[in-house]
Amino acid sequence: MLNFPRWKVIMIALVCLFGITTALPNFLPENTRNNLPDFLPDQTLSLGLDLRGGVNLLFAAQTDDVVRARLNNIADQIRDLSREEGRRRDIPREQRATFTGVKIVGETVQATLRNPDLTERGRELLLPLSQSTVGGINPVLGGGVQEVTLDREGPTFTLALTDQGIEIQKRDAISRAMEVIRKRVDPDGTKEITLQPQGSDRIILEVPGASDPDEIIRLVGRTAKLSFHDVITGLSQDDIANGRLRPRQKVMPTRDGTSIVISERVIVSGEDLTDAKPSYDQGGQPVVSFTFNLAGAKRFGSHTANNVGRPFAIVLDDLVISYPTINSPILGGSGIITGVGDLAEVNELSTLLKAGALPVDLTVLSRRTIGPGVGADNIESGSMAAVVGFVAVILYMIASYGRFGLAANVALITNLVLITGVLSLFQATLTLPGIAGVVLTIGMAVDANVLIFERIREEQRAGAKPFQAMERGYGQALSTILDANITTFIAAAVLYFLGTGPVQGFAVTLAIGILTSMFTAVVLTRYILSSWLKRARWAKLPV
């Protein structure tokens, strides 16, 4: 056990070299780091909000809106099916299964057949809607979660969202909202923000280095839902004032202070945008230039080709920002949005549209700002605690175990270098609880050496020779060390997967520290002490 073949020595040297190489950029000035060769790592420790200062925001997501939008989508699909069925010319009119009274009731959509004798044909039309799945493939073929169920009572069909389908839709909305927030707050990916869900309907956002939470809230809070709608003409002001509108028609305010009636049915939505950027129109006014994907370009081109001479509305967050008249088909898949405002507003809208619309509305539950001074104080106090603990352990080990204590201290320093290197390489965020995890790791690393050294002392007192005492000491203490570290590692894993924010930071540093301390306490110290013993040939171990 005390013999180290060449490959083991090389492995130990490579691990130590890895730690030094990855930890070194933390001690170099920025201009030196920027000039390092490409093959050398240049990442430094990523400091968390409590160490660097910044803004912490907690948002509540209105996930019920996702359910309502899904129900509206199902209702629109039923109306489309009914219209297509009514236009068929290959079967007699009396055999066409069309629906009436399509409405949303609770978390269901109800539709009634005009001809009750065509229930089987109606079921055949609606069955594909009930086979919609989330989280996998069609449940009929295996896997996935059925999102919609289909029932019938007389001529009335009911399509209901399942509980599992609703839950997955909400989780998906939270995930998409987080991705949109990330693109808005950190479009270049350089701010090292922290974004994570909390529970089923909350989102935590931490922006290190930020100082104005209101600016971030304004940027994040804008829903930026862009959609294009048909404008309903021919209605009198009396009809509009008294709400005498057809289903799926809606009165919308315009930017110029008037109101128009639009169809709630979306021609093209912001989800079909592939690009949005600031530009200028022929008059030199700032506008937003946009481009659709192929599907959006096809739908937009088809609508404008069939509605020349009619207006269409561009709606942003429940406000009609423009309602131009279609003078000719727009078939290129691109266009401009006028009337946005000055250049700053155009730039902001371009950023929002390019990031995408929030799938849910967000409400700010709490805001917290940590100044750079507080972060610096935290670093100073945390570092002081780590240094005091580190020095105390070093002095204790030397006083208690002499030269063996020196070997343990070398391993302890190497352990800290490895932890720093791994955290820097993988850009794991270091927080104040993370520093606490490092301090705890120092104690655990020394604890392993104490167990080994005490076992060596016991063997030496029992009359074992130096090589035997060391071999038995390491061998007998190894199982105890493994048990203690494995159980602690499991606890760290549970904290990471069930905890959030600072708890996860503590768990990360603790888990990394356990892995590195196992190497330094068991492998590195054994190599150092065995090398000393082979050279010095002690008659009695100085432990």
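Restriction of the chymotrypsin sites (Phe, Trp or Tyr not before Pro) in segment 1-87 to DSSP coil positions whose beta-carbon has at most 12 other beta-carbons within 10 angstrom yields Phe39. Packing-based ranking of 414-426, 303-315 yields 414-426, 303-315, ordered from highest to lowest mean Cβ neighbour count within 10 Å. Relative to the longest principal axis of the Cα atoms of the chain, the long axis of helix 403-425 makes an angle of roughly 20 degrees.
Cross-link partners of Lys298 among aspartates and glutamates, defined as those whose alpha carbon lies under 12 angstrom from its own and excluding same-chain residues fewer than eight positions apart: Asp272. Between the beta carbons of Leu14 and Lys534, assuming R0 = 35 Å, the FRET efficiency works out to 0.95 to the nearest 0.05. Using the alpha-carbon atoms, what tilt in degrees (0 to 90, nearest 10) does helix 432-461 show relative to the longest principal axis of the chain? Taking Cα atoms only, the helix is inclined about 30 degrees. Distances between placed amide hydrogens fall under 5 Å for Tyr280 paired with Val287, all partners being 5 or more residues away or on another chain. Carbon and sulfur: what percent of segment 226-360's accessible surface (1.4 Å probe)? On segment 226-360, the fraction of accessible area on carbon and sulfur atoms equals 50 percent. Across q = 0.05, 0.06, 0.08, 0.10 Å⁻¹, the chain modelled as identical point scatterers on its alpha-carbon atoms has Debye log10 I(q)/I(0) values of -0.37, -0.50, -0.75, -0.95, in the order of the q list. Here is how the number arises for the chain: DSSP H runs of 4 or more residues each give -39500 (n - 2.57), the sum is divided by the residue count, and the result at 222 nm is -16500 deg cm²/dmol.
Remark: for residue pairs Lys8/Lys534; Lys103/Lys354; Lys8/Lys465, the C-alpha separation exceeds 27 Å in Lys103/Lys354. The packing ranking of peptides 256-262, 157-163, 75-81, highest mean first, is 157-163, 75-81, 256-262, where packing means the average number of other beta carbon atoms within 10 angstrom of each residue. Around the Cα centre of the chain, unit charges on the Cβ atoms of Lys, Arg, Asp and Glu (plus for the first two, minus for the last two) sum to a dipole of about 1700 debye. With contacts taken as Cα pairs under 8 Å and at least 6 residues apart, the chain reaches a relative contact order of 18 percent. For segment 158-167, putting each phi into the Karplus relation 6.51 cos²θ - 1.76 cosθ + 1.60 with θ = phi - 60° gives couplings of 10, 9, 10, 6, 7, 4, 5, x, 4, 5 Hz, in residue order, rounded to whole numbers and with x for Gly and Pro.
Think of the chain as a dipole: +1 on every Lys or Arg Cβ, -1 on every Asp or Glu Cβ, centred on the Cα centre; then among Ser350, Gly19, Phe300, Gly19 lies furthest on the positive end.
On C-alpha positions alone, give me the angle between the axis of helix 372-401 and the longest principal axis of the chain, in degrees, nearest 10. Rounded to the nearest ten degrees, it is 30. In the context of the full set of protein chains, residues of the chain present 51 Å² of accessible surface per residue (probe radius 1.4 Å, heavy atoms only). Quick one: length gained pulling Ala392 to Asn34 fully straight, 0.36 nm per residue minus the C-alpha distance? Here the answer is 125.2 nm.
Protection proxy ranking, highest mean first, for peptides 324-337, 427-440, 507-520: 507-520, 427-440, 324-337, where packing is the per-residue count of other beta-carbon atoms within 10 Å, averaged.
The values are calculated or read from the model by the stated rules, or taken from the named source; none is laboratory data. Quick caveat: nothing in here was measured; it's all calculated off a predicted structure. Using ideal geometry, Cβ is built from the backbone for each residue, glycine included, and neighbour counts are taken over all protein chains shown. Calculation scope for accessible area: heavy atoms of the full protein, side chains included, ligands and nucleic acids excluded. Shrake-Rupley method; radii C 1.70, N 1.55, O 1.52, S 1.80 Å.
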